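Note sheet for the following structure.
The values are calculated or read from the model by the stated rules, or taken from the named source; none is laboratory data. Fair warning: this is a prediction, and the values are worked out from it, not measured in the lab. Cβ atoms come from the backbone with ideal geometry, glycine included; neighbour counts cover every protein chain shown. Note: areas computed on protein heavy atoms with side chains; ligands, DNA, RNA excluded. Shrake-Rupley method; radii C 1.70, N 1.55, O 1.52, S 1.80 Å.
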Amino acid sequence: MTLNEVGKMAGVSRMTVSRYFNGGYVGEESRAKIEKIVQETGFRPSAQAKALKTRKTETIGVMISSLDSALLVNVINLLHASMEAAGYQILIMRYLQSKQLLIQQIRNLIAKGVDGLIVSLVVADDEIKKELELCPVPVVCFGPMGLEGISSVIHDDNSGLALIVDELVKRGHKEIGCLGPDFDSQMSSVRISAIQCEMKRKGLPVRKDWFLQCRDDTATHYEIGRCLAAEVISLPSMPTAMIALSDQIAIGALAVLAKAGVKVPVQLAITGYGNIDVGSFLNPALTTVDMNLQEIVDKITFLLLEQINKNQKIVEKVHVKPLLIVRESI
């Protein structure tokens, strides 16, 4: 069945039927006639035909670094709801922190005809910037860093980690360490730098032997936490507090510390980052930073749809402030 046939059955023009399906103005009488035919026949216009006519597929490509991050899974769920409410579906790809894979996926999604791209940035350089600048569709990046010339929503890790250090110092901690994945990765280096800068600003010693990292790219954050907690226990002298670069790392560490009889927070305070749901159910409940994900997703959605609807490139950099969630682990 075609739009012409629906029009003939409803006694209206093909153009009126087209406006009906594309959200344009249709008089009440004509709308009622078309709706009656639609209900009787179950007719829906071809998505492929609509895409050819409007040059839109009503799909958005989303690229994330991995699917083993509870934080990114939460972002994906919020993005799905936000984009679906705006009439779009999302296609998700993961690039496993590989720059070349990210570039290939950008090209693949463009070839599939997506109307826009959302990119979680944990790797960023001039090559990625150039690739995104060449995209024929709107792009919004999000993460702890942005790209010049590309709309970006930045979760302010510097502020979030400064909040943690400040709270620990208020509670009397002067010996602070860190647990994280490979510090050479861009996301880790941003967070490590934020912690160390705030510690130096407060006159605290930064001991490299207390900044523990796992260089196993295949390990999950829970595994990293368990592995690094074993190293903490074996240190000649432990710090009084450890900042884990994610909630999952903190949760993995807490399990090992509990098994070893290390009392948290009496012997060692520990914090996470990300505020995933399970953290509030632990014993002790995990102190962490809420990255304000709903606001991040709202900003991403607004910036992307604004570009799509206006059919023009908009470059804006938005910083979203995090919130400190203080619980019993410090």
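Give just the number: which of (1) farther than 28 Å from Ile90 by Cα; (2) open to solvent by less than 100 Å² (accessible area, probe 1.4 Å); (3) among the hydrophobic types (A, V, I, L, M, F, W, C); (4) modelled with pLDDT under 85 does Phe43 not satisfy?
With (1) farther than 28 Å from Ile90 by Cα; (2) open to solvent by less than 100 Å² (accessible area, probe 1.4 Å); (3) among the hydrophobic types (A, V, I, L, M, F, W, C); (4) modelled with pLDDT under 85 applied to Phe43, the lone miss is (1).
Say whether the condition of being touching a Ser or Thr at 6+ places or on another chain (Cβ under 9 Å) and of a type in the set (Val, Ile, Thr) is met by at least one residue in region 120-128. Talk me through it step by step, then tell me what you get.
From region 120-128, those touching a Ser or Thr at 6+ places or on another chain (Cβ under 9 Å) are 120-123; that's our starting set.
With of a type in the set (Val, Ile, Thr) added as a condition, the list becomes 122-123.
Yes, there is a match, as at least one residue in region 120-128 is touching a Ser or Thr at 6+ places or on another chain (Cβ under 9 Å) and of a type in the set (Val, Ile, Thr).
So Ile243 ticks every box in (1) open to solvent by 10 Å² or more (accessible area, probe 1.4 Å); (2) of a type in the set (Val, Ile, Thr); (3) over 18 Å from the mean Cα position of the chain (by Cα) but one. Which box is left unticked?
Going through (1) open to solvent by 10 Å² or more (accessible area, probe 1.4 Å); (2) of a type in the set (Val, Ile, Thr); (3) over 18 Å from the mean Cα position of the chain (by Cα) one by one, Ile243 breaks only (1).
Hey, does region 217-224 have a residue that's part of a helix (DSSP H, G or I), in contact with a helix residue (DSSP H, G or I) (Cβ under 6 Å, 6 or more places away or on another chain) and open to solvent by less than 30 Å² (accessible area, probe 1.4 Å)?
Kept after step one, since they are part of a helix (DSSP H, G or I), are these residues of region 217-224: 221-224.
Right, trim to in contact with a helix residue (DSSP H, G or I) (Cβ under 6 Å, 6 or more places away or on another chain) and you get 221-222, 224.
Cutting the leftovers down to open to solvent by less than 30 Å² (accessible area, probe 1.4 Å) gives us 224.
Looking through region 217-224, at least one residue is part of a helix (DSSP H, G or I), in contact with a helix residue (DSSP H, G or I) (Cβ under 6 Å, 6 or more places away or on another chain) and open to solvent by less than 30 Å² (accessible area, probe 1.4 Å).
In region 283-326, what residues are assigned to a loop (DSSP other than H, G, I, E, B), open to solvent by less than 50 Å² (accessible area, probe 1.4 Å) and of a type outside the set (Gly, Ala, Ser)?
So the first thing to find is which residues in region 283-326 are assigned to a loop (DSSP other than H, G, I, E, B), and the list is 283-286, 291-292, 311-316, 321-322, 326.
Imposing the further condition that a residue be open to solvent by less than 50 Å² (accessible area, probe 1.4 Å) reduces the set to 284-286, 291-292, 314, 322.
Once the filter is applied, which keeps residues that are assigned to a loop (DSSP other than H, G, I, E, B), open to solvent by less than 50 Å² (accessible area, probe 1.4 Å) and of a type outside the set (Gly, Ala, Ser), region 283-326 yields Pro284, Leu286, Met291, Asn292, Ile314, Pro322.
Determine whether region 268-276 contains at least one residue that is open to solvent by 30 Å² or more (accessible area, probe 1.4 Å) and within 27 Å of Lys170 (Cβ to Cβ). Please lay out each step first, then the result.
Applying the first criterion (open to solvent by 30 Å² or more (accessible area, probe 1.4 Å)) to region 268-276 yields 275.
If we keep only those that are within 27 Å of Lys170 (Cβ to Cβ) too, we end up with 275.
Yes, some residue in region 268-276 is open to solvent by 30 Å² or more (accessible area, probe 1.4 Å) and within 27 Å of Lys170 (Cβ to Cβ).
Just to be sure I understand the filter: pairs with C-beta atoms under 8 Å, separated by 6 or more residues or on different chains, first member in region 182-198 and among the acidic types (Asp, Glu), second member assigned to a helix (DSSP H, G or I) and open to solvent by 30 Å² or more (accessible area, probe 1.4 Å). Which pairs pass?
Close Cβ pairs satisfying both conditions: Glu198/Asp166.
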